[in-house]
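I have placed the structure first, in the form of structure tokens, so that the comments after it can refer back to it.
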Amino acid sequence: MKTNVRVEERMTEDTWGRIRDELIGTVGRDNFVNWIEPLEFAQLEEGVATFLVPTNFMGNWVSRNFGEDILQHLKTAGNRVSRVDFVVPEPIKSAAPAPEPEPAKPALAPVTEDADLPGAPLDARFTFDRFVVGKPNELAHAAARRVAEGGEVTFNPLFLYGGVGLGKTHLMHAIAHELQTRRPDLKIVYLSAEQFMYRFIQALRERQMMDFKQIFRSVDILMVDDVQFIAGKDSTQEEFFHTFNALVDQNKQIIISGDRAPGEIKDLEERIKSRLQCGLVVDLHPTDYELRLGILQQKVEQHRAQYADLVIADGVLEFLAHRISTNVRVLEGALMRLFAFASLVGKEITLDLTQDCLADILRASDRKVTIEEIQRKVSEHYNIRLSDLIGPRRIRTIARPRQVAMYLAKQLTTRSLPEIGRRFGNRDHTTVMHGVRKIEELKATDSQIADDIELLRRALEA
Ligand code: ADP
Ligand code: MG
């Protein structure tokens, strides 16, 4: 972002004012008030529309979240514009300097100094130190730690999988950081499966397949992120398979991530699936409340220096951990927006402010699981009839699934115990309470029940 802006060209403040108002419909009123209204139009020159913003943080935020919308609206209004830019004006010395909540820039360090190696940059923030460990990710974390010790290769590959935003990339980068320090002698390559494909195609086009093969076969640690990307891409898969085998044969460590278990990735060759399953396959479970709260507390701690004056009211972090329930990236984004907003307006972060400022995120992450869906899924899972599940029969093979369904209804919906009871054939709320307790107990002692519940919960929340 540069400063020094000449104000005014063809598009005027007035025309911007009109276009701006149209953005309400696109971004919603809250976002509009928070982020769009404060923008000041500066100029439109050589296809670049420049706006003044109070802080870099805000500029980055608006650019990332609403840049595309603004551009579209400008174009629709007939402006010849190909880019929007947000700049902070030269500071005018004032009595009360505005806080400058500059977020930690994603410091990207190349994974290796070796210019020939095809690795992607690492995010300096993705370290083990900053990875909060909880029940849902403890196994994945332990496996990652083990691999990061750089000792003898015991499981190959390490396959990490889980839904979006649960920390796969974070863990892979953490392994790479750690290995770089412990074993500077090793050639470590981290890249996404997409980048692997891109390199491969490029090598094909430029007739440099020999080089390509040689480079990838010379690495000591290969990490490929989001492997599901190469599903259905036959020649890339083929090449990946050969690279993979060559490295495994040399006893080089491979670390792969995917959005689901190897066996469940559609359009991935069988031989690759079975190769991927040969090592250690661990999954990152969806976050639970405690983990989310832990992550939020850690983030607050990390930003304490930067937002020294910020006061967060009791219950706000708990509220966020409760309401934004799956994706850590969204959770972090929400917290950063809150920080930015509160420091712009200089207010304490209260529950009210949180609800206002994050209305769109909260709405989007509202759980919409219904009791009917739960009942349907549970009866499918246990292979019993829906009418039995809600009917009066009390034999174990039906009563247990019924309790599982009640438990899930309590966990995943906002329905009260009496309401749940009513939907289960007009049962009393004490029956529901008993069922929920029973399952809570069993979950701790019976791994089959625990697995069933995990599976069902995932299917329902997907
Ligand atoms: P994935 O690759 O699984 O989609 P990422 O690794 O990119 O997810 O994680 C998304 C964001 O959430 C990152 O900013 C990451 O630092 C953060 N994150 C995820 N899990 C944790 C955790 N356990 N502790 C701290 N931050 C986490
Ligand atoms: Mg990722």
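A few points about this structure:
- For region 34-42, 3J(HN,Hα) per residue [Karplus equation, 6.51 cos²θ - 1.76 cosθ + 1.60, θ = phi - 60°, Hz, x = Gly/Pro]: 6, 10, 8, 4, x, 6, 10, 5, 10
- Virtual spin-label span in nm between residue 130 and residue 242, 7 Å along Cα→Cβ: 3.8
- When region 280-419 is described by a simple charge dipole with +1 on each Lys and Arg Cβ and -1 on each Asp and Glu Cβ, the residue from 339, 386, 312 located farthest towards its positive end is 386.
- Contour minus Cα-Cα distance for residue 152 and residue 24 (0.36 nm per residue): 40.3 nm
- A simple charge model with +1 on the Cβ of Lys and Arg, -1 on the Cβ of Asp and Glu and nothing else charged puts the dipole of the chain at about 1680 debye relative to its Cα centre.
- Full-extension gain in nm, residue 364 to residue 72, via 0.36 nm per residue minus C-alpha separation: 102.8 nm
- Mean residue ellipticity (222 nm) of the chain, computed from DSSP H runs ≥ 4 via -39,500 (n - 2.57), nearest 500: -15500 deg cm²/dmol
- Share antiparallel - DSSP beta bridges, the chain, percent rounded to 5: 25
- Entry comment: accessible area of the chain is 52 Å² per residue, from protein heavy atoms only and a probe of 1.4 Å.
- 3J(HN,Hα) along region 226-234: 6, 5, 4, 4, 8, 4, x, 9, 4 Hz, from the Karplus curve 6.51 cos²θ - 1.76 cosθ + 1.60 with θ = phi - 60°, whole Hz, x for Gly and Pro.
- Across the options 161, 126, 218, the greatest Cα extent toward the positive end of the charge dipole of the chain (unit charges at beta carbon of Lys, Arg, Asp, Glu) belongs to 161.
- Within region 26-46, backbone nitrogen closer than 11 Å to the virtual label 7 Å beyond the Cα of residue 65 toward Cβ: 28, 30-36
- ³J(HN,Hα) computed for each position of region 145-157 - Karplus, 6.51 cos²θ - 1.76 cosθ + 1.60, integer Hz, glycine/proline x: 4, 4, 4, 5, 5, x, x, 4, 6, 9, 10, 9, x
- Relative intensity, log₁₀ I(q)/I(0), of the chain from a Debye sum that treats every alpha carbon as a point, q = 0.06, 0.12, 0.13 Å⁻¹: -0.36, -1.21, -1.27
- For the chain, the share of accessible area belonging to carbon and sulfur comes to 49 percent (1.4 Å probe, ligands and nucleic acids excluded).
- Violating pairs (Cα-Cα greater than 29 angstrom) within the set 168/299; 135/187; 75/168: 135/187; 75/168
- Nonlocal amide H pairs with residue 284, under 5 Å, H built at 1.01 Å: 161, 162
- The simple Förster model, with R0 at 35 Å and r as the Cβ-Cβ distance, assigns residue 459 and residue 352 a FRET efficiency of 0.50.
- Charge tally in the Cβ shell below 12 Å around residue 195, where Lys, Arg are +1 and Asp, Glu are -1, residue 195 excluded: -2
- Note on residue 380/residue 12: beta-carbon distance plugged into 1/(1 + (r/R0)^6) with R0 of 45 Å gives a FRET efficiency of 0.15.
- Extension gain (nm, one decimal) between residue 397 and residue 183, 0.36 nm per residue minus Cα-Cα: 71.6 nm
The values are calculated or read from the model by the stated rules, or taken from the named source; none is laboratory data. What you are looking at is a predicted structure, and each value in this text was computed from that prediction instead of being measured. Backbone-built Cβ (ideal geometry, glycine too); neighbour counts: all protein chains shown. These accessible areas exclude ligands, DNA and RNA; they are computed on the full protein's heavy atoms, side chains included. Shrake-Rupley method; radii C 1.70, N 1.55, O 1.52, S 1.80 Å.
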